[in-house]
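The values are calculated or read from the model by the stated rules, or taken from the named source; none is laboratory data. Since we're looking at a predicted model, the values are computed, not measured. Because the Cβ atoms are built from the backbone with ideal geometry, glycine has one as well, and the counts that use them run over all protein chains shown.
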Amino acid sequence: MITEETKALVDKGIMLPLMEEFYTIQGEGFHKGTAAYFIRIGGCDVGCHWCDVKESWDAGLHPPTHVGEIVEKAIAQSKTIVITGGEPLTWDMTALTNNLKANDCQIHIETSGAYKLSGAWDWICLSPKKIKLPTEEIYPLANELKVIIFNKHDLIFAEEQAAKVSEDCILYLQPEWSNRDKVIPLIVDYVMNNPKWKVSLQTHKYLNIP
């Protein structure tokens, strides 16, 4: 049972529902192949049917952990930190990112953008979902746009989202893993005909690492 005091600290972002943390190789997008420490924060109500970490959705399953403790473990492993979820922007990221910044970390976030942006970031990977669209404020700040492709209609959605980001934002189409055999040829053909896009693959799954 979470006390009212703990709940208040979570609401302020002083404590966060920590699902897992691990040191691995970034498998997707612009920084693929880079060693990084991942911090996965619990809690998400976006509800993508193909989500491969559905166990992250219920924040109540993951223990509220003080950001100081999270940061201490992270900096012992790496100066490149990836905050993911769940949907990390469900919570206030200010305290966590300020603490990481004080330790000279490069901080990346992977987010659907469905909630107000908080925290200080060196790299924002925006992965928008049709179910719950990003807030307008995050589009011009995104460094990369990563759209998951499950079917042909998702390419239309991808173009709608690309029209909202800055011209410097790197555009990625990534096959949904369970449907990859069907959509990879579609994506390859689309990128060849629309070279402003790049292909992103979940290389960590091919490498069989977290």
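Any chance you could count how many residues in the stretch 41-78 are over 26 Å from residue 104 (Cβ atoms), of a type outside the set (D, E, K, R) and either in contact with a helix residue (DSSP H, G or I) (Cβ under 8 Å, 6 or more places away or on another chain) or assigned to a loop (DSSP other than H, G, I, E, B) (or both)? Explain how you work it out, then say what you get.
Narrowing the stretch 41-78 to residues over 26 Å from residue 104 (Cβ atoms): 42-64.
Right, trim to of a type outside the set (D, E, K, R) and you get 42-44, 46-51, 53, 56-57, 59-64.
Within this subset, residues satisfying the condition of being either in contact with a helix residue (DSSP H, G or I) (Cβ under 8 Å, 6 or more places away or on another chain) or assigned to a loop (DSSP other than H, G, I, E, B) (or both) are 42-44, 46-51, 53, 57, 59, 61-64.
Adding up the residues that qualify gives 16.
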Legend entry - Test: residue in the stretch 154-162 that is closer than 12 Å to residue 128 by Cβ, buried (at least 17 other Cβ atoms within 10 Å of the Cβ) and either touching a residue at least 60 places away in the same chain (Cβ under 8 Å) or of a type in the set (Ser, Thr, Tyr) (or both): no
Inset, instruction - Within the stretch 22-45, track down each residue that is hydrophobic (A, V, I, L, M, F, W, C), closer than 22 Å to residue 134 by Cα and either over 14 Å from the mean Cα position of the chain (by Cα) or crowded, with 19+ Cβ neighbours inside 10 Å (or both). - result: 39, 41, 44
Legend entry - Checklist (1) touching a residue at least 40 places away in the same chain (Cβ under 8 Å); (2) under 24 Å from residue 133 (Cα atoms) applied to residue 49, failing item: (1)
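Considering only helices (runs of 4 or more DSSP H) fully contained in the stretch 119-210, which possess at least 1 residues that are closer than 30 Å to residue 94 by Cβ? Before the answer, list the steps.
Working: elements: 153-162, 180-193, 203-206.
Result: 153-162, 203-206.
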Inset, instruction - Check residue 174 against each of (1) surrounded by fewer than 20 Cβ atoms within 10 Å (Cβ to Cβ); (2) touching a strand residue (DSSP E or B) at 6+ places or on another chain (Cβ under 8 Å) and name the one condition it does not meet. - result: (1)
Inset, instruction - Answer yes or no: is there a residue in the stretch 95-112 that is in contact (Cβ under 8 Å) with a residue 60 or more places away in the chain, over 19 Å from residue 52 (Cβ atoms) and part of a loop (DSSP other than H, G, I, E, B). - result: no
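Quick check, is residue 150 under 21 Å from residue 192 (Cα atoms) and either touching a helix residue (DSSP H, G or I) at 6+ places or on another chain (Cβ under 9 Å) or among the polar types (S, T, N, Q) (or both)? Spell out the reasoning first.
On the way: under 21 Å from residue 192 (Cα atoms): yes; either touching a helix residue (DSSP H, G or I) at 6+ places or on another chain (Cβ under 9 Å) or among the polar types (S, T, N, Q) (or both): yes.
In short, yes.
Applying the selection to the stretch 64-110, what residues are at negative phi and modelled with pLDDT under 95?
So the first thing to find is which residues in the stretch 64-110 are at negative phi, and the list is 64-85, 87-103, 105-110.
Scanning the stretch 64-110 gives a single hit, 85.
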Legend entry - Residue check, residue 168 surrounded by fewer than 12 Cβ atoms within 10 Å (Cβ to Cβ) and either in contact (Cβ under 8 Å) with a residue 60 or more places away in the chain or over 22 Å from the mean Cα position of the chain (by Cα) (or both): no
Inset, instruction - Could you grab me the full set of residues in the stretch 10-40 that are in contact with a His (Cβ under 8 Å, 6 or more places away or on another chain) and not in a loop (DSSP other than H, G, I, E, B)? - result: 15, 17, 18, 19, 24, 25, 36
